[in-house]
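J.: My questions will all concern the structure given below.
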Amino acid sequence: MSNESIKLSAVEKKMLNELFWRQNFLMFGINYTRMQGISYGWVMQPLLKKIYKNDEEEYFESLKRNTAFFNTTPQMAPFIMGLTLSMEEEKSKNKEEFDADSINAVKVGLMGPLAGIGDSFFFGTLRVIATGIALGFSQAGNLLGPLLFLLFYNIPGFAVRYYGSVFGYKLGSKYIQKAMESGLLQSITKAATIVGLMMVGAMSYQMVKFSTIFTAKMGGQDFVLQDILDSIMPGLLPLSLVLGTFVLLRKKVNPIYILIGIFALAIVLTLLGITG
């Protein structure tokens, strides 16, 4: 972006400064149902209040959108927040024409790829380098050790947080209106939805561990239940558990009851020798 494209008005600077300070608390409200979703909504709340100050119904709808499931590297989240903010502003100006579903579609579509980039850089690379720089001082008992670690790790992180929100906001304000008028926004929404579904599927496969250890002798042959399930479709049990949980959530079943049910199911299946 050119210097002209990232120039901010006084109102925009104040708004993005507030976003920057509030996003530091993104990890304070993690839960297994929405991950960072509730905190994301809390970060956006006063800004959404200003955007929809004359329309209470739209304000609450925007809060609902912005507390949906969300999970990405904290340093990368402000870019998505800035983009979300610009889309919410466009929504407030074009209530009938703007597709509100596109906001969450873009969020979900971006959170996975940006998490991959952010985790690799901040946790896999920068943290290791900062540790290497600080370790020698720390082993010698020099207080510069932990101080250098904090500086080398956090200065780039906070820079990415602040300028990420600026670039996200300006990118949205510059292109969302044009994309909506040309019909490109619908294509972006569809593409983001597909990428989001792929990321949810990949996360389910990687994070949900559910397999069976049940074996038996049948006709002189070893019967291994997990092998049979894998021959039907790898990851069938984790997928079934995720879809079952999704159905229960859609039916408004309390997430606490679902967690208790999964815990009880795990105990029963383990005692029966089906899982281990």
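J.: Pick from the stretch 171-210 the residues that are buried (at least 16 other Cβ atoms within 10 Å of the Cβ) and at pLDDT 70 or above: which of them is farthest from Gly112 (Cα to Cα)?
T.: Here the residue is Phe210.
J.: Would you confirm, using the coordinates I've provided, whether Ala134 is in the same structural domain as Gln36 (by TED's automatic domain parsing), crowded, with 18+ Cβ neighbours inside 10 Å and modelled with pLDDT of 70 or more?
T.: In short, yes.
J.: Does the stretch 143-157 contain any residue that is over 27 Å from the mean Cα position of the chain (by Cα) and part of a loop (DSSP other than H, G, I, E, B)?
T.: Checked the stretch 143-157: at least one residue is over 27 Å from the mean Cα position of the chain (by Cα) and part of a loop (DSSP other than H, G, I, E, B).
J.: If you don't mind, there's one more thing I want to ask. Would you pick out the residues in the stretch 91-102 that are surrounded by fewer than 21 Cβ atoms within 10 Å (Cβ to Cβ) and either assigned to a helix (DSSP H, G or I) or under 18 Å from the mean Cα position of the chain (by Cα) (or both)?
T.: Ser92, Lys93, Asp101
J.: Looking at Leu148, Leu83, can you tell me which residue is surrounded by 14 or more Cβ atoms within 10 Å (Cβ to Cβ), touching a Phe, Trp or Tyr at 6+ places or on another chain (Cβ under 8 Å) and either in contact (Cβ under 8 Å) with a residue 40 or more places away in the chain or within 21 Å of Ser39 (Cβ to Cβ) (or both)?
T.: The conditions single out Leu83.
J.: From Met81, Met44, Met35, grab the single residue that is under 21 Å from Arg161 (Cβ atoms) and at pLDDT below 90.
T.: Only one candidate passes the filter, namely Met35.
The values are calculated or read from the model by the stated rules, or taken from the named source; none is laboratory data. Being a predicted model, the structure only gives us computed values, none of them experimental. Here the Cβ is made from the backbone with ideal geometry for all residues, glycine too, and neighbour counts use every protein chain on show.
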